[in-house]
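J.: Structure in structure tokens, see below.
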Amino acid sequence: NENNTEADADSGELEELMASLPDPSSFAGVRLSPADFEKDDDSNFHIDFVTAASNLRASNYGIAIADRSRTKKIAGKIIPAIATTTSLVTGLVCLELYKIIGAGSGDNTRKIDDYKNGFVNLALPFFAFSEPIAPLKQTFAGKEVSDWDSIDIDRDMTLQEFIDYFANEYKLEVGMVSSGVTLLYTPMLPKKKAEARKAMKLSEVVTEVSKKDIPPHVKWLTLVVCCYDEDDEDVDVPEVRIRIRN
């Protein structure tokens, strides 16, 4: 009941604020002029706005909030970066983005040496560019794969179905399954615990073992799987992604 009362109060306050806004038609002919940021002029309320906006974002993302004085100090240090390093890095990123957008296809597909890594130190000044290194490639199931590739499974299956999938599809025995730092399965688990987990959906195993709910925005689980072939040799397996929500 207390939560409902607070929600009603917030809703009422929001409606009052919306009602106090001037009618859009009253802005006809109004022209806006850009204002230069000035942290030392308290009459312009620049620091007050930055403090309020940054603390709202901090509250949303669990970041420690900062009072007005600390915000003013931080803003004073950021100003030079906005005009120099940040703008330079943004420009270099955009140049690479143009290459990706116009990458083409077939014979016109851009090669890796068309792209560039940039190294910059404005204090020296120093500017250097190099070609990026291609990811290490290996063979899996007759295909060439890298760390950018994954095995995508379009449904949330039980752990036993997952083990059977690798046995039937790739002739591999699953030796370990983990999600992040959470170990979900290994044949060395106590028999009772292993059998209980095998009957559960993978998403349920993650929740059960990690003691944490999967965030509602997460649609895919990423699993690391260790496998052995028929000769009991280790096989490098790409990351496995399991769709748990549409």
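J.: For an R0 of 51 angstrom, estimate the FRET efficiency from the Cβ-Cβ distance between residue 92 and residue 21 and round to the nearest 0.05. Don't jump to the answer; show the numbers that get you there.
T.: Values: r = 41 Å, r/R0 = 0.80.
It comes to 0.80.
J.: Students sometimes get this wrong: rank 148, 220 by accessible area, probe 1.4 Å, all chains present, largest first.
T.: Numbers: 148 215, 220 65 Å².
Final ranking, largest accessible area leading: 148, 220.
J.: Which whole-Hz couplings ³J(HN,Hα) result when phi for each residue of the range 23-34 is put into the Karplus expression 6.51 cos²θ - 1.76 cosθ + 1.60, θ = phi - 60°, listed in order with x for Gly and Pro?
T.: So the J values, rounded to whole Hz, are 5, x, 5, 6, 8, 4, x, 6, 10, 9, 10, x.
J.: Here is a follow-up. In a Gaussian network model over the chain where Cα atoms closer than 10 Å are linked, find which of 38, 96, 16 has the largest mean-square fluctuation.
T.: Fluctuation is largest for 16.
J.: By accessible area of protein heavy atoms, probe 1.4 Å, what ranking do 31, 197 get, highest first? Can you show the working numbers first?
T.: Numbers: 31 215, 197 35 Å².
Solvent-accessible surface, decreasing: 31, 197.
J.: Given a 1.4 Å probe and every protein chain left where it sits, what share in percent of the accessible area of the chain is carbon and sulfur?
T.: Values: 10160 of 18490 Å².
Reported share for carbon and sulfur atoms: 55 percent.
J.: Still on this structure, please answer the following. Would you rank 228, 115, 185 by solvent-accessible area, highest first, keeping every protein chain in place and using a 1.4 Å probe?
T.: Values: 228 75, 115 50, 185 20 Å².
My answer, sorted largest first, is 228, 115, 185.
J.: Given 0.36 nm per residue, what is the gain on full extension from residue 165 to residue 28 after removing their alpha carbon distance, in nm? Mind showing how you got there, number by number?
T.: Working: separation 137, 0.36 × 137 = 49.32 nm, distance 6.46 nm.
Taking 0.36 nm per residue and subtracting the Cα distance, the gain is 42.9 nm.
J.: Given points 7 Å out from each Cα along the Cα-Cβ axis, report the residue 232 to residue 131 separation in nanometres with one decimal.
T.: Result for the modelled spin labels: 4.4 nm.
J.: How far, in degrees from 0 to 90, does helix 159-170 lean away from the longest principal axis of the Cα atoms of the chain, to the nearest 10?
T.: With both axes taken from Cα atoms, the answer is about 70 degrees.
J.: Give the distance, in whole Å, between the Cα centre of the range 28-96 and the Cα centre of the range 127-206.
T.: 43
J.: With every protein chain present, what accessible area does residue 161 have (1.4 Å probe, heavy atoms only), rounded to the nearest 10 Å²?
T.: 70
J.: Ok, one more. Would you pull out the residues with amide H under 5 Å of residue 185's amide H, same chain only if 5 or more places away, H placed 1.01 Å from N?
T.: Hits under the 5 Å cutoff: 177.
J.: Cα-Cα over 26 Å: which of 111/143; 171/211; 137/201; 111/171; 171/191? Kindly include the intermediate steps, with their values, before the conclusion.
T.: Working: 111/143 20 Å; 171/211 32 Å; 137/201 32 Å; 111/171 35 Å; 171/191 23 Å.
Over 26 Å Cα-Cα: 171/211; 137/201; 111/171.
J.: Connecting C-alpha atoms closer than 10 Å in a GNM of the chain, tell me which of 75, 66, 19 has the biggest fluctuation.
T.: Between 75, 66, 19, it is 19 that shows the largest mean-square fluctuation.
J.: Another one. Test of understanding: what is the full-extension gain from residue 14 to residue 210, defined as 0.36 nm times their sequence separation minus their Cα-Cα distance? It would help to have the intermediate numbers written out before the result.
T.: Numbers: separation 196, 0.36 × 196 = 70.56 nm, distance 3.87 nm.
The span from residue 14 to residue 210 would gain 66.7 nm if fully extended.
J.: Right, another one. Using helices alone, what [θ] at 222 nm do you get for the chain, with -39,500 (n - 2.57) per DSSP H run of 4 or more residues, divided over all residues and rounded to the nearest 500?
T.: Details: 7 runs with 96 residues, N = 246.
Calculated mean residue ellipticity at 222 nm is -12500 deg cm²/dmol.
J.: Dimensions of the chain along principal axes (Cα, Å, largest first)?
T.: 76, 62, 38
J.: Using a 1.4 angstrom probe, figure out how much accessible area the chain has per residue, in square angstrom, rounded to the nearest whole.
T.: On the way: 18490 Å² over 246 residues.
It amounts to 75 Å² per residue over the chain.
J.: Okay, next question. Could you tell me the relative contact order of the chain? Use alpha-carbon pairs under 8 Å, at least six residues apart, and round to a whole percent.
T.: On the way: 243 pairs, mean separation 31.9, N = 246.
Reported relative contact order: 13 percent.
The values are calculated or read from the model by the stated rules, or taken from the named source; none is laboratory data. These numbers come from a predicted model, not from an experiment. All Cβ positions, even for glycine, are placed from backbone atoms using ideal geometry, and neighbour counts span all protein chains on display. Keep in mind that these areas ignore ligands, DNA and RNA; they rest on the heavy atoms of the full protein, side chains included. Shrake-Rupley method; radii C 1.70, N 1.55, O 1.52, S 1.80 Å.
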